[in-house]
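What follows is a set of notes on a single structure, which appears directly below.
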Amino acid sequence: MALMRRGDWAAAWRLSDETVGARRGQRDWTAPRHLQPVWDGTPLEGRRVLVRCYHGLGDTIQFARLLAPLQRIAAKVTVWAQPALIPLLATLRPAPHLLPLHDGTPEAEYDTDIEIMELAHALRLTPSDLAGKVPYLHPPARPRSSDRRLQVGLAWRAGEWDARRSVPIDLLRPLGAMHGIALHILQRGPALTQRPTDFGVESGCDDVFQAASRMRALDLVVSVDSMPAHLAGALGVPVWLLLPQPADWRWMDGREDSPWYPGMRLFRQERAGDWSAPVLRLLSALQRAPRSPSIRGAS
């Protein structure tokens, strides 16, 4: 993780090779799926590869970009993905063979398998390999609003499994009163009960494919480290990401940008648990952002 945070991914993969070798192909099928190592080091070239999507929706969206290079070297690629993502993943170019994930065994013939996040290791990914690879998901776009205000989507609460990533909604209330901004609430689930009644319009959707189409009509997405941020990045929509301290390894250390998503800007906590400084920086940057033409290309 330290090597990944520093951006020395080549060294990280060498250590990962040792880990895979030490397992000697043994798997712990009793562990929760997202904790199960899958790949046993078998080369992927020329083989029928099953890609298992055992992590969150955002993780699958982020690593789905690696399916294209995998398809270039494998004989066949089958992706066993979360059912909610199947219509969206079908817009990949080229689209792989997709099967809905369930609690049983996959209905697919394969020579070797791998979890989707392990593709970074198997393909020896480096930060420079990520440049210029967005958008890579292509759902149809909703018509853009004729409103000349900046169309900004907002998600403030992450999954309950990591409450550190969530931002108190009261800190973000100035967004709703900011001149020249039309605020769209992308948040879903119980957190919607925190939303003040006069705070933006609800533009989110429980259907991920429809949510992606709506998101394409926005100028900017402001989000915590959760699925909406990855969805915006994969669609090529500029996204400003609020990050806790310490942040997840994939955002690395000491950066305000991300090689994963060229249109992404990072606003990090300076002290663990204190959102005041990054939120203030974000609000200040948004005050200075161009209103017309859109922020696209100016983020």
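The values are calculated or read from the model by the stated rules, or taken from the named source; none is laboratory data. This structure is a prediction, so every number in the text was calculated from the model and none was measured. All Cβ positions, even for glycine, are placed from backbone atoms using ideal geometry, and neighbour counts span all protein chains on display.
Of the strands (runs of 3 or more DSSP E) that lie entirely inside the range 197-299, those containing 3 or more residues that are modelled with pLDDT of 95 or more, β-branched (Val, Ile, Thr) and surrounded by 17 or more Cβ atoms within 10 Å (Cβ to Cβ) span 220-224. Considering the range 107-153 alone, what residues qualify as being part of a helix (DSSP H, G or I) and hydrophobic (A, V, I, L, M, F, W, C)? Hits for the range 107-153 are 116, 117, 119, 120, 122, 130.
Residues that are at pLDDT below 95 and closer than 19 Å to residue 232 by Cα within the range 159-174 comprise just one, 159. When residue 228 is tested against (1) in contact with a strand residue (DSSP E or B) (Cβ under 7 Å, 6 or more places away or on another chain); (2) farther than 21 Å from residue 134 by Cβ, only condition (2) is not met. The residue pairs whose first member lies in the range 278-299 and is outside the structural domain of residue 262 (by TED's automatic domain parsing) and more than 15 Å from residue 218 (Cβ to Cβ), whose second member is acidic (Asp, Glu) and at pLDDT 80 or above, and whose beta carbons are closer than 8 Å, counting only pairs six or more residues apart or on different chains, do not exist in this structure. Filtering the range 52-59 for residues that are part of a strand (DSSP E or B), at pLDDT 95 or above and buried (at least 18 other Cβ atoms within 10 Å of the Cβ) leaves a non-empty set.
Residues in the range 21-43 that are in contact (Cβ under 8 Å) with a residue 24 or more places away in the chain and within 30 Å of residue 226 (Cβ to Cβ): 36, 37, 38, 39.
Taking the criterion of being aliphatic (A, V, I, L, M) and either closer than 27 Å to residue 279 by Cα or without any contact (Cβ under 8 Å) to a residue 40 or more places away in the chain (or both), the residues of the range 134-164 that qualify are 134, 150, 152, 154, 155, 158, 163.
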